[in-house]
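Peer 1: Got a structure for you, written out below as structure tokens; questions coming shortly.
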Amino acid sequence: MKYADEYRDKEIALGLAKTIRAETHLERPYRFMEFCGGHTHAISRYGLEDMLPNNLRMIHGPGCPVCVLPAGRIDMAIRLAERSEIILCVYGDLMRVPGSQGASLLKAKARGADIRMVYSTIDAIRIAEENPEREVVFFAIGFETTTPPTAVMIRLAEKKRLSNFSVFCNHVLTPPAMQNILESPDIRSIGRVEIDGFVGPAHVSTIIGTAPYEFFAEEFGKPVVISGFEPLDMMQAILMLVRQVNENRHEVENQYSRAVTRDGNLRAKEEVSDIFELRDQFEWRGLGQVPYSGLKLKRAYAKYDAEVRFGMNELRVDDNPACECGAILRGVKKPVDCKLFGTVCTPETPMGSCMVSSEGACAAHWTYGRFRDHQQRRAS
Amino acid sequence: MKAYQRKLDIRNGCVDLSHGSGGRAMAQLISGLFHEAFGNEWLARGNDQSAFDVGAGRMVMTTDGYVVSPLFFPGGNIGSLAVHGTVNDIAMAGAKPLYLSASFIIEEGFRFADLKTIAESMGEAARSAGVHIITGDTKVVERGKADGLFISTAGVGVVPDGFDLSAENARVGDRVLISGTLGDHGVAIMSKRQNLAFETEIVSDSAALNDLVAKMVVAGGRGIRLMRDPTRGGLAATLNEIALQSDVGFHLQEEAIPVKPGVAAACELLGLDPLHVANEGKLVAIVAPEVAGAVLAAMRGHPLGRDAADIGEAVADDHHFVQMATSFGGGRIVDWLSGEQLPRIC
Ligand code: SF4
């Protein structure tokens with residue numbers, strides 16, 4: 001398709017690909033993890049893998065807030081939505097995420113739960129205003145990027161004195177998850193993949209800045225390049241990582257300087273820290289409990305906290321034991337290494353987190369890349 | 001037929017349950033609104049069915065339900081869509097569409113004025129496609145039991161002798177042609193959905209393709225293997241279906257696929273892929289390589305095929321993959337959509 005877009009120029013892309021090939025040393029592997037699902041999606045959709053040398057491998061990290069939401073949290077939301085007084089507002093891509101035993105919000109809606117798909121937090125506020133006799137709960141989800149809008153919404157509800165509005169908070173933080181990939185007890189059982197560098201998420205960094213990643217660069221000796229989501233951004237970030245590796249550097253570099261600064265958006269950060277506080281633990285699908293990786297509303301805002309307001313109990317559900325998500329999210333295995341891939345687990349019937357949203361590693365490979373498996377088989 | 005005492009108050013009135021009851025009010029609605037809009041000799045006879053002559057050749061028949069929301073969108077409404085969709089399904093067989101039926105399920109409270117606009121654009125769409133709406137049905141359901149208005153249309157047409165377009169006809173080496181830009185209808189509809197209103201100039205491509213098809217048939221004859229209109233599910237679903245049915249794969253060139261910049265931008269914003277977005281006035285033709293040039297030229301010579309393009313070819317592939325060389329230089333699969341196309345959040 002003819003996108004007249006400066007970030008998708010084929011000639012520049014081919015030029016970058018050539019430079020990357022020229023600068024990578026044949027004798028060593030380059031293993032880079034893109035943390036964010038948006039990057040995974042871009043890599044698959046534009047077929048970037050075909051443009052990179054064979055000894056450079058992109059490892060798809062856990063960075064999709066939909067994928068990492070554990071089945072238990074979905075079950076909690078379904079239970080909530082089944083209460084007759086409640087209207088649950090959710091983003092469309094959560095509708096198909098499987099809870100336990102094949103349950104999903106889409107199915108709960110079909111059975112009569114009042115679940116409304118919204119496109120922005122403002123819609124949820126509007127629905128609360130239009131339905132004063134009902135309880136409206138917004139299913140809040142996302143990384144650092146989507147937390148400020150939730151904060152703004154709570155402020156707005158306060159200002160409008162809405163007494164029938166609350167938030168089911170599932171906001172999570174990226175740095176603790178990145179750290180978990182590099183050092184967590186599970187690594188002993190599933191093994192560790194060597195990661196030579198990270199492509200850092202741009203949208204997250206527009207809020208939190210690049211500074212939180214400096215810790216990785218120093219503590220783990222891993223280069224981090226914050227990258228935009230256009231395919232050219234990615235190619236350039238990969239080249240920047242190759243150069244750091246070649247020069248034995250491990251710094252935080254910013255490819256996305258058109259929007260990201262070291263400190264990020266101070267106002268947004270303040271707003272978030274006013275309203276939210278860290279949870280001691282939060283479960284990530286595929287990663288398990290990750291300390292200090294999730295947010296909840298501060299006690300002062302308890303009346304807007306659906307978990308408090310409706311006495312929601314934490315539900316825990318085990319994923320299918322055959323699912324290899326944990327190993328895939330850490331880059332130890334590839335989607336095709338999972339027995340369930342493409343047989344019982346497909347985007348229509350996702351079993352694990354990586355297949356849930358189009359940005360998950362398994363879904364991206366299934367949707368855009370699986371022809372390569374057959375090519376490889378034929379070649380070998 | 002003129003024995004009704006009062007005329008419908010089209011400007012201010014609305015449909016109530018009596019308009020579906022089979023009594024006078026219903027007759028009034030049908031003659032005052034639908035017959036007026038569709039006006040033809042068959043309807044004028046006022047029978048519960050219509051008899052018509054059948055020429056030589058094989059008959060083609062199709063039926064389809066229309067439940068679009070919103071009912072009015074840039075570039076058309078549910079009425080014109082209901083005619084175009086059914087005409088196109090017939091035309092894709094290489095057939096000449098002749099007659100349509102139309103059945104209306106109307107929610108109590110629906111405004112006459114809107115119904116009239118819709119009926120008139122159905123009449124207009126039928127006239128310009130050269131078909132007649134010769135029988136119909138009207139039901140009124142209680143408020144809350146339908147989303148305003150549902151229409152279902154059926155159509156018949158005739159395929160010339162010796163012509164047999166079918167989904168299993170694609171052969172390795174065949175070219176894939178499309179008649180114009182993709183995704184216009186889906187984006188036009190989405191831009192008007194509640195909660196999602198965004199600014200765009202894009203209008204639906206809803207159109208009857210039978211005339212375009214007739215020109216293509218003259219140029220390509222039996223070199224045309226099959227045609228499909230990529231409606232819901234978009235080009236991706238259509239090609240995946242054909243790949244399975246014809247036991248081939250497809251290789252597309254992303255660069256060759258026409259998409260309007262506004263459609264590309266809206267898709268980008270919503271996290272959608274234009275290849276999955278619905279069209280209502282486009283067709284895909286799989287044609288033998290020898291006639292591809294002639295068919296393409298014929299398409300481009302028609303107003304509805306001005307942006308027609310040759311976007312790829314059928315290849316041998318046991319896995320029936322639809323693969324695409326991206327405009328960026330890589331490769332990927334063009335898969336079916338899983339579930340409904342839902343905007344993503346991140
Ligand atoms: S294929 Fe499915 S079950 Fe296997 S790792 Fe991926 S998401 Fe989990």
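The values are calculated or read from the model by the stated rules, or taken from the named source; none is laboratory data. Given the structure is predicted, the values throughout are model-derived calculations rather than measurements. Ideal geometry is used to build each Cβ from the backbone, glycine not excepted, and the neighbour counts take in all protein chains shown. Accessible surface areas use protein heavy atoms only, side chains included; no ligands, DNA or RNA. Shrake-Rupley method; radii C 1.70, N 1.55, O 1.52, S 1.80 Å.
Peer 1: Any idea of the total accessible area buried by the B-A contact, 1.4 Å probe, rounded to 100 Å²? The partial results should precede the final answer.
Peer 2: Values: alone 16430 and 17530 Å², together 30370 Å².
Looking at B and A, the buried total is near 3600 Å².
Peer 1: Among A:284, A:360, A:342, pick out the residue whose Cα is farthest towards the positive end of the charge dipole of the stretch A:274-369, where Lys and Arg carry +1 and Asp and Glu carry -1 on C-beta, about the Cα centre.
Peer 2: Checking the options against the dipole of the stretch A:274-369, the answer is A:284.
Peer 1: For the stretch A:324-371 and the stretch A:64-78, write down the distance between their C-alpha centroids in whole Å.
Peer 2: 17 Å
Peer 1: Another question, if that's okay. When all protein chains stay in place, what accessible area (Å², nearest 10, 1.4 Å probe) is found for residue A:338?
Peer 2: Counting only protein heavy atoms, the figure is 20 Å².
Peer 1: Which sequence of B:142, A:34 reflects their accessible areas, 1.4 Å probe, from the largest down?
Peer 2: On the way: B:142 100, A:34 0 Å².
Greatest to least solvent exposure: B:142, A:34.
Peer 1: While we're here: Taking Cα pairs under 8 Å and at least six residues apart, what relative contact order does chain A come out at, in percent?
Peer 2: Numbers: 694 pairs, mean separation 83.0, N = 380.
Relative contact order for chain A comes out at 22 percent.
Peer 1: State the answer as a single residue: which of B:190, B:23, B:286 lies farthest towards the positive end of the charge dipole of chain B, with beta carbon charges of +1 for Lys and Arg and -1 for Asp and Glu, about the Cα centre.
Peer 2: Farthest along the dipole direction, towards plus: B:23.
Peer 1: Take chain B, connect every pair of alpha-carbon atoms lying under 10 Å apart with a spring to form a Gaussian network, then pick out the residue of B:317, B:16, B:53 with the largest mean-square fluctuation.
Peer 2: Per the Cα network of chain B with a 10 Å cutoff, B:53 tops the list.
Peer 1: For chain A, set up a Gaussian network in which alpha carbons nearer than 10 Å are linked by springs, and say which option among A:144, A:11, A:307 fluctuates the most.
Peer 2: Maximum fluctuation in the GNM of chain A, among the listed residues, is at A:11.
Peer 1: OK, next. Show that you can apply the helix-only estimate: for chain A, add -39,500 (n - 2.57) for every DSSP H stretch of four or more residues, divide by all residues, and state [θ] at 222 nm to the nearest 500.
Peer 2: On the way: 16 runs with 138 residues, N = 380.
-10000 deg cm²/dmol, from helical runs alone.
Peer 1: Need the C-alpha centroid separation for the stretch A:164-238 versus the stretch B:288-342, integer Å.
Peer 2: 38 Å
Peer 1: Rounded to the nearest Å, what's the spacing between the alpha carbon centres of the stretch B:16-36 and the stretch B:104-146? Just the number, please.
Peer 2: 12 Å
Peer 1: Additional query: I'd like the orientation of helix B:234-246 relative to chain B: the angle between its Cα long axis and the longest Cα principal axis, in ° from 0 to 90, rounded to 10.
Peer 2: Between the helix axis and the principal axis of chain B, the angle is about 70 degrees.
Peer 1: Size of the dipole of the protein assembly as shown about the Cα centre, Lys and Arg at +1 and Asp and Glu at -1 on the beta carbon, nothing else charged, in debye to 20? Before the final figure, lay out the partial values.
Peer 2: Values: 77 positive and 91 negative charges, 159 e Å.
Dipole magnitude for the protein assembly as shown comes out near 760 debye.
Peer 1: Using only Cα atoms and rounding to the nearest 10 degrees, what angle (0 to 90) does helix A:10-23 make with the longest principal axis of chain A?
Peer 2: In chain A, helix A:10-23 runs at an angle near 60 degrees to the longest axis.
Peer 1: List, in the order given, every pair from B:116/B:192; A:269/A:334; B:192/B:260 whose Cα-Cα distance in the structure shown is over 26 Å. All intermediate terms of the calculation are to be shown ahead of the outcome.
Peer 2: Details: B:116/B:192 21 Å; A:269/A:334 36 Å; B:192/B:260 18 Å.
Checking Cα-Cα distances, A:269/A:334 exceed 26 Å.
Peer 1: Cross-link candidates for residue B:139: which aspartates and glutamates have Cα within less than 12 Å, leaving aside residues fewer than 8 places away along the same chain?
Peer 2: B:16, B:107, B:108
Peer 1: Could you give the angle, 0 to 90 degrees to the nearest 10, between helix B:261-270's Cα long axis and the longest principal axis of the Cα atoms of chain B?
Peer 2: Taking Cα atoms only, the helix is inclined about 80 degrees.
Peer 1: Not counting the cut sites, what is the longest span of chain B without trypsin sites (Lys or Arg not before Pro) that DSSP labels loop and that have at most 14 other Cβ atoms within 10 Å?
Peer 2: Numbers: sites that count: B:2, B:6, B:7, B:11, B:45, B:143, B:145, B:171, B:193, B:306.
The longest uninterrupted stretch comes out as B:194-305.
Peer 1: Measuring from a point 7 Å past the Cα of residue B:17 along Cα-to-C-beta, which residues in the stretch B:125-142 have an amide N at less than 20 Å?
Peer 2: Hits in the stretch B:125-142 for residue B:17 at 20 Å: B:138-142.
Peer 1: Counting only helical runs of four or more DSSP H residues, what would the 222 nm mean residue ellipticity of chain B come to if each run contributes -39,500 (n - 2.57) and the total is spread over all its residues? Please report the intermediate quantities before stating the final value.
Peer 2: On the way: 9 runs with 95 residues, N = 346.
After summing the helix terms and dividing by the residues of chain B, the value is -8000 deg cm²/dmol.
Peer 1: Expressed in nm to one decimal, what extension gain is obtained for the pair residue B:147 and residue B:63 from 0.36 nm per residue of sequence separation less their Cα-Cα distance?
Peer 2: Details: separation 84, 0.36 × 84 = 30.24 nm, distance 2.02 nm.
Separation in residues times 0.36 nm, less the Cα-Cα distance, equals 28.2 nm.
Peer 1: Once the dipole of the stretch B:200-346 is set up with Lys and Arg at +1 and Asp and Glu at -1 on Cβ about the Cα centre, which of B:210, B:238, B:324 lies farthest towards its positive end?
Peer 2: Toward the positive end, the furthest listed residue is B:210.
Peer 1: What shape does the protein assembly as shown have by the C-alpha gyration tensor, where a ≥ b ≥ c are the square roots of the eigenvalues, rounded means a/c under 1.5, and otherwise prolate means a/b greater than b/c and oblate the rest?
Peer 2: Values: a/c = 2.42, a/b = 1.40, b/c = 1.72.
Since a/c reaches 1.5 but b/c is at least a/b, the shape of the protein assembly as shown is classed as oblate.
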